[in-house]
Amino acid sequence: MLNTPAADKILSDKQHACATIDSEVNTLEKLKQNLDYESLTKALDLMQNAKGRIIISGMGKSGHIGKKIAASLASTGTPSFFVHPAEASHGDLGMITEEDIVIAISNSGESKELVDIINYCKRFGITLIAITKNPDSSLGKAGDVVLQLPNNGEACPLGLAPTNSTTATLVLGDILTVGLIERKGFSKTEFNDRHPGGKLGSILQRVSDLMHKGEEMPVLYEESEMQNVLLEITSKRLGCVGFINKDGILTGIITDGDLRRCLSARIFDEKAVNIMTKSPKTVSPDMLASEALKIMNTKKITNLFAVNEQNKPVGVIHIHDLLANGVK
């Protein structure tokens with residue numbers, strides 16, 4: 001048997017890829033056109049006003065998608081977790097309280113593993129949101145709200161492997177997540193609190209997360225003698241000293257570069273107020289660290305003092321602190 005030429009294989013793979021994409025895009029178009037938006041609003045109302053958590057459950061591929069939905073909800077301000085339906089039948093039903101809302105996912109609506117969760121919800125009056133393509137299924141009939149998936153087959157050539165159905169379920173979960181973000185006014189600050197690690201964490205870090213404060217902050221009174229300035233800049237090792245007046249307001253800064261440029265035998269006869277750069281550039285401790293880095297790059301400086309609303313210094317940040325923590 002002759003080997004298929006590479007070009008023919010590439011063409012064949014491209015055709016299969018495009019056919020799969022087209023099939024899934026078509027499914028999403030049907031979801032967009034046919035979704036019952038009144039039911040969607042009811043589901044969002046219930047989830048927004050829930051006193052408890054949002055419990056997601058589903059079997060097989062629906063379960064995998066359910067775990068992602070639960071994770072997305074939890075990371076954006078809606079307490080949520082996934083309960084495996086098989087484990088639920090062996091004690092994990094106790095994780096579900098009467099104040100929770102259960103979202104059960106089954107493409108056919110007839111997953112036998114969900115029966116115990118459905119019965120538990122009915123027995124204890126727990127709100128059940130059903131995600132299924134068949135509203136007349138066991139799950140569809142049991143749901144207090146039904147979010148119907150498009151019945152558009154699967155992209156799989158056998159028509160069996162979950163492809164179109166799982167994509168539609170994933171997008172429907174994203175619709176719920178984004179809807180709650182909008183309704184709750186979930187902020188970047190709150191998002192950062194839930195994503196301290198990885199690239200998201202570095203992007204959303206604030207100046208207050210990285211700045212040196214308290215005893216680490218190099219600050220002297222503006223009338224200080226230059227000998228004390230030299231000692232302070234050497235001991236604190238941040239390459240600068242900030243200066244305050246008698247009211248504690250930041251009035252100037254001297255960097256190690258300033259010292260080198262002004263170095264002479266008479267420098268120790270001077271006071272800081274005569275050498276310092278007055279009214280230095282400052283930032284808020286709540287500013288994103290990435291914005292502070294942009295200012296440093298634009299101004300070609302390596303230090304910024306963070307000040308409060310009264311212009312009193314509360315910290316100082318060095319460019320090395322930003323770069324070492326992955327801020328870009």
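The values are calculated or read from the model by the stated rules, or taken from the named source; none is laboratory data. It should be emphasised that the depicted structure is a prediction, and the values quoted were computed from it without experimental measurement. For neighbour counting, all protein chains shown are included, and Cβ atoms are generated from backbone atoms with ideal geometry for every residue, glycine included. Side chains included, ligands, DNA and RNA excluded: accessible areas come from the protein's heavy atoms. Shrake-Rupley method; radii C 1.70, N 1.55, O 1.52, S 1.80 Å.
Numbers for the structure displayed
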read-out: Cβ crowding within 10 Å averaged over residues, with 143-150, 213-220 ranked highest first; value: 143-150, 213-220
read-out: Folded to 0 to 90 degrees: helix 289-299 orientation relative to the chain principal axis, Cα; value: 40 degrees
read-out: 12 Å Cα-Cα reach of LYS122 towards aspartates and glutamates, excluding residues that sit fewer than 8 places from it in its own chain; value: GLU98, ASP144
read-out: The range 266-328: GluC sites (Glu not before Pro) in DSSP loop, at most 13 other beta carbons within 10 Å; value: GLU309
read-out: Solvent-free Debye scattering, log10 I(q)/I(0), computed from the Cα coordinates of the chain at q = 0.11, 0.13, 0.16 Å⁻¹; value: -0.79, -0.91, -1.18
read-out: Accessible area of the chain belonging to carbon and sulfur atoms, whole % at 1.4 Å probe; value: 52 percent
read-out: Residues of type lysines that LYS30 reaches as a straight line, Cα spacing below 18 Å, ignoring anything fewer than 8 places off in the same chain; value: LYS133
read-out: Per-residue SASA entry for HIS318, accessible area with 1.4 Å probe, Å² rounded to 10; value: 30 Å²
read-out: Exposure ranking of ILE54, ILE249 by accessible area [1.4 Å probe, largest first]; value: ILE249, ILE54
read-out: Heavy atoms of SER235 accessible to a 1.4 Å probe, total area in Å² rounded to 10; value: 80 Å²
read-out: Value in Å of the Kirkwood radius, where the range 1-101 supplies the Cα pairs that are averaged; value: 17.1 Å
read-out: Dipole in debye (nearest 20) - the chain, about Cα centre, beta carbon charges: Lys, Arg +1; Asp, Glu -1; value: 640 debye
read-out: Residues of type lysines that LYS278 reaches as a straight line, Cα spacing below 30 Å, ignoring anything fewer than 8 places off in the same chain; value: LYS213, LYS236, LYS246, LYS294, LYS299, LYS300, LYS312, LYS328
read-out: Only Lys, Arg (+1) and Asp, Glu (-1) charged, at Cβ; the range 70-128 dipole about Cα centre in debye; value: 120 debye
read-out: Contour minus Cα-Cα distance for ILE21 and LYS68 (0.36 nm per residue); value: 14.8 nm
read-out: Selection from LEU263, ILE244, SER284, by position along the positive dipole direction of the range 220-289 (Cβ); value: LEU263
read-out: Probe 1.4 Å, accessible area per residue of the range 7-120, Å²; value: 53 Å²
read-out: Heavy-atom accessible area per residue - the range 262-328, 1.4 Å, Å²; value: 60 Å²
read-out: Rounded tilt (10° steps) of 37-48 against the dominant C-alpha axis of the chain; value: 50 degrees
